[in-house]
Amino acid sequence: MKKNFQVPVTILLALIVIISGFNGYAKGEDVLLASVDYVDYKFTELSNRISQITITGGTSTTTTTTTSTDPNVTLRVDNVEKQVGAIETNLDAIDSKISFLDQVTLDLSDGSVWQIVELDAGISIYATDTSEIILRSGTAKVIGNKLNEGLSDVTVGTDLKDGTSLTSNHLIIIPRGDGRGVKAVTRCFVMYKGLYYLQ
């Protein structure tokens, strides 16, 4: 236990010397003052003493270098440096993946590309803006808005009212994101272009 306290004790003694010197040098009439030069001098003196302390074989000794001569300490430092390097590499890889996912999310959410969306039976897909949808498989029905307005089947040029079944492979336009969408009666796959949410 003695060897573990030698460095802190040395530093503590150095601080006591500075404080006692400070008191003796700077005492004036009821006020404690010290010049900047004196504080700088004592700080430099303390820094020099600390820099002469090194760890050698688990004990504190006063030398003229701060490099450890203990091979175990050197090995530990090397291991820590390798681990830090590995962490930095992992962080760079994670940052690249996040950037890629951000771009993918942007591409999907801006409504400029067709997306394949799977809908389980009973799940509804609602448009948040003007959108396009094509039923690829399964059975689905139109969800109208509160004004009973439906969707547009542009493949045959007809309006689809609330509750109407969609025809597979027909291009359907959802005019506005005002509560209109499509509800899956059975498990469905649809192609969708635009912004949406599921419920």
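Evaluate the stretch 107-126: report whether one residue or more is of a type in the set (D, E, K, R) and touching a Gly at 6+ places or on another chain (Cβ under 7 Å).
Within the stretch 107-126, none of the residues are of a type in the set (D, E, K, R) and touching a Gly at 6+ places or on another chain (Cβ under 7 Å).
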All but one of (1) modelled with pLDDT of 95 or more; (2) exposed (fewer than 12 other Cβ atoms within 10 Å of the Cβ); (3) in a strand (DSSP E or B) hold for Asn169; which doesn't?
-> (3)
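Taking the stated definitions as given, is Ser165 touching a Lys or Arg at 6+ places or on another chain (Cβ under 8 Å) and either touching a residue at least 24 places away in the same chain (Cβ under 8 Å) or not charged (D, E, K, R) (or both)?
Values: touching a Lys or Arg at 6+ places or on another chain (Cβ under 8 Å): yes; either touching a residue at least 24 places away in the same chain (Cβ under 8 Å) or not charged (D, E, K, R) (or both): yes.
So Ser165 fits the description; yes.
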Only one of Ser99, Ser112 is of a type in the set (S, T, N, Q), exposed (fewer than 13 other Cβ atoms within 10 Å of the Cβ) and out of contact with any strand residue (DSSP E or B) (no Cβ under 8 Å at 6 or more places or on another chain), namely Ser99
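Report yes if some residue within the stretch 136-151 is under 19 Å from Ser112 (Cα atoms) and either out of contact with any Lys or Arg (no Cβ under 9 Å at 6 or more places or on another chain) or assigned by TED's automatic domain parsing to the domain that holds Ala121 (or both); otherwise report no. Let's see the steps before the verdict.
Restricting attention to the stretch 136-151, the residues satisfying the condition of being under 19 Å from Ser112 (Cα atoms) are none.
No, because not a single residue in the stretch 136-151 is under 19 Å from Ser112 (Cα atoms) and either out of contact with any Lys or Arg (no Cβ under 9 Å at 6 or more places or on another chain) or assigned by TED's automatic domain parsing to the domain that holds Ala121 (or both).
The values are calculated or read from the model by the stated rules, or taken from the named source; none is laboratory data. The structure presented is a predicted model; accordingly, all values stated were derived computationally and were not measured. Virtual Cβ from ideal backbone geometry, glycine too; neighbours counted across all protein chains shown.
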